[in-house]
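Beneath this line is the structure, given in structure tokens, with notes to follow.
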Amino acid sequence: MSEGIRIYLTGSCEGFEKLREALAQQPGIEVVGSAQQVADASGALQGGHLDCVLHGTSSSTLPAHEITAIRELTRVPLLVLASGEASALLDDALGADVADVVLLPALTENVVFAIRKATHAPRRTAAAGNREGRIITVFSPKGGTGKTVIATNLSAALAKTAGRRTLLLDLDLQFGDAAIMLGIEPEKTIFDLVSAPGELDPDKLAGYTTKHKSGVDILPAPLRPEDAELVTEAKLGRLIEVARLCYDAIVVDTSPFFHGPMLATLDRTDELLLVCSLDVPTLKNVRLALGTLEMLSFPPARIGIVLNRANTKVGMKQREVEAALEQKVRYEVPSDRAVPLTVNRGAAAVLAEPGSDFSKSIESMAKGVFPTEEPKRGLRLRPSFARAA
Ligand SMILES: Nc1ncnc2c1ncn2[C@@H]1O[C@H](COP(=O)(O)OP(=O)(O)OP(=O)(O)O)[C@@H](O)[C@H]1O
Ligand SMILES: [Mg+2]
């Protein structure tokens, strides 16, 4: 899952093309793509899991408009590559949101050093103690495929069985039903959180979540569909950053659309569970979604295909799904009566019917989404303490 430093190049200047080609050959650097116009790069800048953007300019002053346009799409470190007379540009850059300026021509090694330096700082901070929760997004481009059933049960399994501090975030902003599926009548929702005054921090987040008996904290979708649009990309981006500090796992339930908040989530997603089922229209849409994700430069290694109702006999086989999607199914979830029975009782199947085939498949998914470490048990920190950890 570790890809090198993911960079994207925008703009142009003398020596830009040559540098791009040289960077593509560098070990530890992954050139995700490039586009002369920032507007043409908006998908990748928002959803591409980039570590750094390099913007080329032949202007002798700082290209402020372009930098603002990039900054509206991504907050990753930005290096400016300049090929012209640059003394005014260097002065401007001092006060701007720019990590560094590299004057071309430059040795590729020097540019690589500047990229490493610019992308190093946040990692050092993380190693120094800030928590980095894992974002697991459950998505399907088709309605009714089982996203909410999987997201609710996966989060309950992560909290209860694996002992992870887990947040279930319902991003099906208009018609979210994650809370009701877990038998919770929420008093506060994501709408209340984003419309409350003041800066969002871990204490504030803790005041808007509802605890389920599995241990999962839930941040439900707005109660009224018309309130969805107040949950903007920027607010959601901040919310996820704060949630990462307080939780081991943030499971995101979604609607079947690539809307703005979904792009902000994708940009921070560590594992995208793409739910598919054994029917042709769903398969067609999942294929299309894979194409969109590729266009957004979403890292393919982070996509896990989930085949829901995998055991149903409907004249289509798992291998046909894999052939159509050109990738293997990572998780199989069987069709199981325990699901509708527990959904209708407002209970999580993994708690109420732990021996069912469905629950067993979700437990194994819960192990799979944290592949490399041992489960964490023991001290459960309140978000306010987690901040100081
Ligand atoms: N593995 C399964 N076995 C049996 N029933 C299932 C299974 N998965 C989902 N279902 C049933 O399908 C229904 C739809 O599932 P769910 O609400 O999770 O889909 P969704 O993708 O979240 O839908 P929407 O797009 O409307 O949010 C549920 O009520 C559930 O009972
Ligand atoms: Mg749903």
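The values are calculated or read from the model by the stated rules, or taken from the named source; none is laboratory data. Model, not experiment: these values are computed from the prediction. The area values use the complete protein model at the heavy-atom level, side chains included, leaving out ligands, DNA and RNA. Shrake-Rupley method; radii C 1.70, N 1.55, O 1.52, S 1.80 Å.
Structural remarks
- Cα gyration tensor shape of the stretch 47-159, rounded if a/c is under 1.5, else prolate or oblate by comparing a/b with b/c: prolate
- Under the Karplus curve 6.51 cos²θ - 1.76 cosθ + 1.60, θ = phi - 60°, whole-Hz ³J(HN,Hα) for the stretch 53-60, x wherever Gly or Pro sits: 10, 10, 10, x, 8, 9, 6, 8
- Distant-in-sequence amide contacts of residue 311, defined by a placed amide H-H separation under 5 Å and a gap of 5 or more residues or a different chain, comprise 335.
- Measuring against 27 Å, Cα to Cα, the residue pairs 147/367; 211/235; 117/328; 317/360 contain 117/328 as the ones spanning a longer distance.
- Share of pairwise Cα-Cα distances greater than 22 Å in the stretch 162-281 is 30 percent (whole percent).
- Cα gyration tensor shape for the stretch 260-349, rounded if a/c is under 1.5, else prolate or oblate: oblate
- For the chain, built as a Gaussian network whose Cα springs stay under 10 Å, the top-fluctuating residue of 349, 157, 64: 64
- Relative contact order (percent, whole number), the stretch 181-337, Cα cutoff 8 Å, 6+ residue spacing: 17
- The chain: calculated mean residue ellipticity at 222 nm from DSSP helix runs of at least 4, using -39500 (n - 2.57): -11500 deg cm²/dmol
- Long-range amide H partners of residue 102 with built H, under 5 Å: 80, 81, 82
- Each principal axis of the Cα cloud of the chain was evaluated for its coordinate range; sorted largest first, these ranges are 71, 49, 42 Å.
- In the elastic network of the chain, a GNM with C-alpha springs shorter than 10 Å, the most mobile of 140, 195, 214 is 195.
- Relative intensity, log₁₀ I(q)/I(0), of the stretch 213-261 from a Debye sum that treats every alpha carbon as a point, q = 0.17, 0.19 Å⁻¹: -0.62, -0.77
- Here the accessible area of the stretch 53-166 is 53 percent carbon and sulfur, with a 1.4 angstrom probe and all protein chains present.
- For 14, 241, the ranking by accessible surface with the largest value first comes to 14, 241, using a 1.4 Å probe.
- Potential lengthening of the chain between residue 17 and residue 61 amounts to 13.8 nm, from the contour at 0.36 nm per residue minus the alpha-carbon distance.
- Size descriptors for the stretch 37-81: radius of gyration and Dmax over Cα atoms are 10.1, 31 Å.
- 226, 353, 294, reordered so the largest accessible area comes first (probe 1.4 Å): 294, 226, 353
- Converting phi to 3J(HN,Hα) with the Karplus coefficients 6.51, -1.76 and 1.60 and the offset θ = phi - 60°, the stretch 184-192 yields 10, 9, x, 8, 10, 10, 4, 5, 4 Hz in sequence order, with x at every glycine or proline.
- The spread of Cα positions in the stretch 132-230, taken along each principal axis and listed from longest to shortest, comes to 36, 31, 26 Å.
- Heavy-atom accessible surface of the stretch 141-231, averaged per residue, reaches 39 Å², computed with a 1.4 Å probe.
- Viscosity 0.890 mPa s, temperature 25 °C, Stokes-Einstein D of the stretch 136-191 from Kirkwood C-alpha radius, µm²/s: 203
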